[in-house]
Amino acid sequence: MRNSHNLPEMQQLTDPDFDLFLRDPHAVLLKYQNLVEVIVVNCIQSGMFPLEQKRDIIQSVNLHLLEKTDAIKEQYGGTSLFRTYLSAIIRNTCLILCAQVGRRPIPVRALTEYDGDPAEPVDRYSIQLARRLFRAILPQFGRHLPKLIICMKLRLRKGLTEEDIRAWWPRCSPRDLGRLLEKFGNEYQNVNEKQVYAFVSPFFIAAEGKVTGEAAIRKWTVLQLEHIADVLNSAIPGSDFDIQSVELLFEDYFFPFLLRE
């Protein structure tokens with residue numbers, strides 16, 4: 001049954017695609033083949049799979065969806081469109097396939113404890129897999145990615161660029177742009193977290209058009225880190241990603257250093 005007992009009756013979505021899925025899952029999958037292909041192609045363009053595996057990946061995704069039919073019927077809560085719910089399952093399935101096809105579990109210790117010492121044994125394959133999956137996950141944030149980049153650079157005390165700010169806040173005035181770059185465009189390692197968020201909070205309010213306090217910005221950032229860790233852990237059997245290891249992947253994303261020759 002649809003898990004909607006926590007919703008008022010009037011808020012339960014009546015999605016015809018889900019009603020059809022209850023009767024004939026194959027019909028819905030056939031209808032959504034274009035969606036499956038779009039997501040798989042996006043993953044290929046992100047570097048998760050070679051182009052020649054496109055047909056095989058699509059078939060594997062379809063098989064996985066059929067195997068999860070009972071779970072989908074039980075877990076879909078009706079709080080979003082069924083297409084949106086199914087899209088998330090397809091994306092996560094692609095991540096799992098990327099990790100499982102000819103892969104072995106990643107010892108996250110090799111990632112989180114790597115300090116660049118060439119004498120230290122490093123599982124280079126595991127680190128490369130983590131980097132590749134992490135960089136494939138980021139585009140899934142869509143329009144929220146620029147905000148995530150801003151928040152993570154502030155969290156890690158990395159310099160903001162004009163491109164970062166414009167992508168996050170297209171209507172940023174020259175005056176506000178200048179103030180942000182003056183404060184965060186260069187080295188600011190000696191500025192503590194409280195000072196960072198106290199300064200930037202008014203800019204978030206102006207950019208998003210809603211009251212956003214310091215605590216809300218920090219909380220939003222932590223939730224995104226936890227989400228990425230959860231996706232990585234579900235995609236890579238035997239892994240144990242946490243906020244610290246995801247932060248390290250962001251460090252490498254901004255200024256690559258993992259697997260540096």
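Some values worked out for this structure:
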item: Fully extended contour minus Cα-Cα distance, from residue 145 to residue 31, at 0.36 nm per residue; result: 38.1 nm
item: Projected label distance in nm at residue 181 and residue 233, using a 7 Å step from Cα toward the beta-carbon; result: 4.1
item: Stretchable slack from residue 251 to residue 71, in nm (0.36 nm times residue separation minus alpha-carbon distance); result: 61.1 nm
item: Violating pairs (Cα-Cα greater than 29 angstrom) within the set 68/153; 73/153; 147/194; result: 68/153; 73/153
item: Cα centre as origin, Lys/Arg/Asp/Glu Cβ charges: region 46-89 dipole, Debye; result: 160
item: Net +/- balance of residues flanking residue 198 in space, Cβ distance below 12 Å, scoring K and R +1, D and E -1; result: +1
item: Computed E for residue 41/residue 211 - FRET, C-beta separation, R0 41 angstrom, nearest 0.05; result: 0.55
item: Virtual spin-label span in nm between residue 198 and residue 222, 7 Å along Cα→Cβ; result: 2.0
item: √(5λ) per eigenvalue of the Cα gyration tensor, region 128-261, largest first, Å; result: 27, 16, 14
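Just so you know, all these numbers are worked out from the coordinates, no wet-lab data involved. The model shown is predicted, which means the values in this text are computed figures rather than measured ones. So basically every Cβ, Gly included, is an ideal-geometry build from the backbone, and we count neighbours across all protein chains shown.
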